[in-house]
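Following: one structure in structure tokens, then a few remarks.
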Amino acid sequence: MAPIIKSRVRSGFDHGAKEYATAAVLQNQTAANLARWALALCPKGGMALDIGCGPGALSEKLAESGNFGRIVAVDISSAMTLAAREKLSKYRCVSIVQGDAEALPVKAGSCDIAVSNMVFQWLPDLKSAFSGIQSALKNKGRAEIVYLGENTFAEIRDAALSALANAGKKGSAGIFHPFPRQADVAKAARDAGLLPLETTSSIHTLEYRSVREMMLQLKMQGVQNNIGLSALGLGRRGVMASFAEEYAAMFGADGGIRLTYHVVRLSAVKQ
């Protein structure tokens with residue numbers, strides 16, 4: 001798989017910040033789930049850390065509950081933190097900080113719970129991220145992490161490789177984003193000193209009217225790390241035309257197309 005280039009990830013989310021809240025349908029659903037879990041796990045008046053807060057959907061749900069004494073929301077994207085500040089300005093308990101999930105700007109031993117909604121698949125160094133969580137949590141503090149697993153966007157990989165093969169080009173999985181394996185994420189948490197309690201996963205299939213609409217929605221969500229279809233050697237127009245044709249033939253349904261999201265939840269505790 002392709003390496004994760006943090007600058008490209010940050011740039012993608014900078015560009016997607018204005019439209020992310022409406023385009024990220026599944027992310028909004030998982031934010032609601034995370035908020036419920038956090039409420040059940042965190043003591044009244046406790047401190048929550050939201051890692052990769054985006055425009056603030058999860059932090060807003062936490063703040064609305066009235067359960068938390070303080071919420072620190074961190075995001076690497078300047079545009080996302082600006083959007084979050086605008087969204088959450090009415091909540092005095094929320095602090096928005098631009099920062100790196102792999103070098104969390106949080107006082108050691110200060111947090112009762114750390115939550116993260118579909119961020120860890122974009123991090124090149126999972127152990128560093130979990131080490132930051134381990135440091136930030138109080139003893140027996142909890143971490144609830146939702147991320148996109150290895151089967152995410154399988155259709156995009158298959159259609160792109162088929163388009164390349166039809167053009168006589170050699171392709172490999174190395175051109176695509178390396179969505180993490182569950183075992184690797186759990187190992188990174190253990191290596192950082194956290195005890196994984198449970199890992200669960202589910203497959204969600206979203207439908208789009210066309211490949212063009214799907215790619216536009218992904219761009220609006222800030223999805224950007226792979227080397228891009230135009231870099232595969234066929235030229236942008238040729239690649240996209242062939243890719244769209246292959247995608248519709250392989251994964252079309254009822255006049256539209258489908259796309260898989262592999263959603264994984266990791267629950268862990270600081271021992």
Discussion item. Using helices alone, I'd like the mean residue ellipticity at 222 nm for the chain: each DSSP H run of four-plus residues gives -39500 (n - 2.57), total over residue count, nearest 500.
Written reply: -13500 deg cm²/dmol
Discussion item. For the chain, take the longest principal axis of its alpha carbons; what is the angle in degrees between that and the long axis of helix 211-220, to the nearest 10 within 0 to 90?
Written reply: 30
Worksheet item: Based on the alpha-carbon gyration tensor of segment 45-96 and its eigenvalue square roots a ≥ b ≥ c, which shape applies: rounded if a/c is under 1.5, prolate if not and a/b is larger than b/c, or oblate?
Response: prolate
Discussion item. Under the 0.36 nm per residue contour assumption, what length would be gained going from the current alpha-carbon distance of residue 110 and residue 212 to full extension?
Written reply: 32.2 nm
Response to the item:
Residues whose modelled amide H sits under 5 Å from the amide H of residue 94, counting only those 5 or more places away in sequence or on another chain, are 71
Practice prompt. Taking the Cα atoms of segment 77-147, report the difference between the largest and smallest coordinate on each principal axis, in whole Å and largest first.
Written response: 31, 26, 19
Discussion item. Keeping all protein chains in the complex and leaving out DNA, RNA and ligands, what accessible area do you get for residue 22 with a 1.4 Å probe, in Å² to the nearest 10?
Written reply: 110
Practice prompt. Counting only DSSP beta bridges with both residues in the chain, tell me the antiparallel percent, nearest 5.
Written response: 55
Worksheet, complete the sentence: For 131, 89, the accessible-area ranking with a 1.4 Å probe, largest leading, is 89, 131
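Accessible area per residue of segment 99-146 at 1.4 Å probe, in Å²?
On the way: 1590 Å² over 48 residues.
With all protein chains present, segment 99-146 gives 33 Å² per residue.
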Item to complete: Note down the magnitude of the dipole of the chain about its Cα centre, charges +1 on Lys and Arg C-beta and -1 on Asp and Glu C-beta and zero elsewhere, to the nearest 20 debye.
Response: 540
Worksheet item: Say R0 is 41 Å: what FRET efficiency, to the nearest 0.05, do residue 44 and residue 190 get from their beta-carbon distance?
Response: 0.85
Worksheet item: For residue 169, what accessible area in Å² do you get when you roll a 1.4 Å probe over the heavy atoms of the protein chains, rounding to the nearest 10?
Response: 90
Discussion item. Under 14 Å between alpha carbons, and skipping anything fewer than 8 positions from residue 270 in its own chain: which aspartates and glutamates qualify?
Written reply: 112, 144, 191, 198
Discussion item. Tell me the net charge near residue 195. Cut-off is 14 Å between Cβ atoms, residue 195 excluded, with +1 for each Lys or Arg and -1 for each Asp or Glu.
Written reply: +2
Item to complete: Identify which of the listed values of semi-axes √(5λ) of the Cα gyration tensor in Å was calculated from the structure shown: (i) 39, 20, 18; (ii) 43, 28, 16; (iii) 34, 19, 16.
Response: (iii)
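The values are calculated or read from the model by the stated rules, or taken from the named source; none is laboratory data. Since this is a predicted model, take the numbers as computed values, not measurements. So basically every Cβ, Gly included, is an ideal-geometry build from the backbone, and we count neighbours across all protein chains shown. For the accessible areas, the whole protein counts, side chains as well, though only heavy atoms, and no ligand, DNA or RNA atoms are used. Shrake-Rupley method; radii C 1.70, N 1.55, O 1.52, S 1.80 Å.
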